[in-house]
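In what follows, a structure is listed as structure tokens, so that the remarks can point back to it.
Please treat every number below as a calculation from the coordinates, not as lab data. On a predicted model such as this, the values are computed, not experimentally measured, just so you know. Cβ placement follows ideal geometry from the backbone for every residue including glycine, while neighbour counts extend to all protein chains displayed.
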Amino acid sequence: MTHAFETLTPDLVLDALETVGLRGDGRLTALSSYENRVYQVQLEDGTSVVAKFYRPERWSQAQILEEHAFAAELMDFEVPAIGPMVLNGATLHQFGGFAFSVSPRRGGRPPELDDAEVLEWIGRFLARIHTVGARKPFVTRPALNLQTFAEEPMQWLLGHDMVPLDVQSAWTRGVEKAIAVIRTYDTLNADTKGNGDIRVLRLHGDCHPGNILWTPADAAPDLGPGPHFVDLDDARTGPAIQDFWMLLSGDRQQRQRQLGALVDGYEQFREFDRTELALIEPLRTLRLIHYSAWLARRWTDPTFPANFPWFGSSDYWQGQVQMLEEQLEAMEEAPLIV
């Protein structure tokens, strides 16, 4: 079967941009993105833009527009996020069976996450993102919770026979044990209105180092020096700590130090709820379960077998069982403190 993205040729990309008044000079560079297709496009006037073609049937039009509105809201409050441009009076466009948006190109380098000053700076901007995110809820975009990131993915994987029989029982037991632990955290078992013990809000949702670009002082005067945030494609409702934990790495002492710097910056603008620290390992466990289902659901896209050749083997799933066991132990440990 032909996957939808196989019809997304360079000519189609350029033709799509012409419909919104942007004429490319023929030079396209594919940027790293598995979920969607993203291209840096050189224009005839010497400038360049980033064109994003959304994976068909992943988000509804309303959900994409809600992401765009969140990005615009952040930029209105002078948060350095990169959102889509308004072209022909709209941010979302249709061409050739694809929804697409166009954003300005912004350069930058990965942030130095071993630098406390950099982490503190990022923490300040996370607080500003969350201040905007708390102003009103998402209406159509989903929540990050037990059902969406563990229960439904587990059922889908088992229902589609994606877990080899020799590992299936052990993996299922591991996931069920993890679900039982995570269910004790009301916030992660809550609905989009946040009927739990910790407040939920609109989040970046996928705040890992690859989605933060560090800008030198003289590189982008309109953004200013420091971090700017890209790719709100996974913006969801959830607890604030979701936008922290993927920036932590290393042993416990290193993660403790990194978290302290982030919180120091955060609390210059917004109070940090320390009860959320107990959610770090449950959130990491949810991502682990969800990731396997994400890979399996995308396997008909030729990009995935080419880039994840190790997925689906018994060794892969045995590795998942081991990681689930490690996460069960991690969830029993005392949380980090700040």
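Below are the figures for this structure:
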{"quantity": "For 294, 214, order by how many other beta-carbon atoms lie within 10 Å, fewest first", "calculated": "294, 214"}
{"quantity": "Mean-position separation - Cα centroids, segment 303-338 and segment 27-97, in angstrom", "calculated": "32"}
{"quantity": "Neighbourhood net charge (10 Å Cβ-Cβ; Lys/Arg +1, Asp/Glu -1) for residue 34", "calculated": "+1"}
{"quantity": "At 1.567 mPa s and 4 °C, Stokes D of segment 4-104 from Kirkwood alpha-carbon radius, µm² per second", "calculated": "93"}
{"quantity": "P(r) histogram, all alpha-carbon pairs of the chain included - 10 Å bins from 0, percent", "calculated": "5, 23, 32, 27, 11, 1"}
{"quantity": "Inter-part distance where segment 162-181 and segment 243-264 are each reduced to a Cα centre, Å", "calculated": "30"}
{"quantity": "Likely footprinting exposure, 115, 301, fewest C-beta neighbours within 10 Å first", "calculated": "115, 301"}
{"quantity": "For residue 162, distant residues with modelled amide H under 5 Å away", "calculated": "none"}
{"quantity": "Cβ-based exposure ranking for 52, 177, in which fewest neighbours within 10 Å come first", "calculated": "177, 52"}
{"quantity": "Relative contact order of the chain, pairs being alpha-carbon contacts under 8 Å that are 6 or more residues apart, as %", "calculated": "19"}
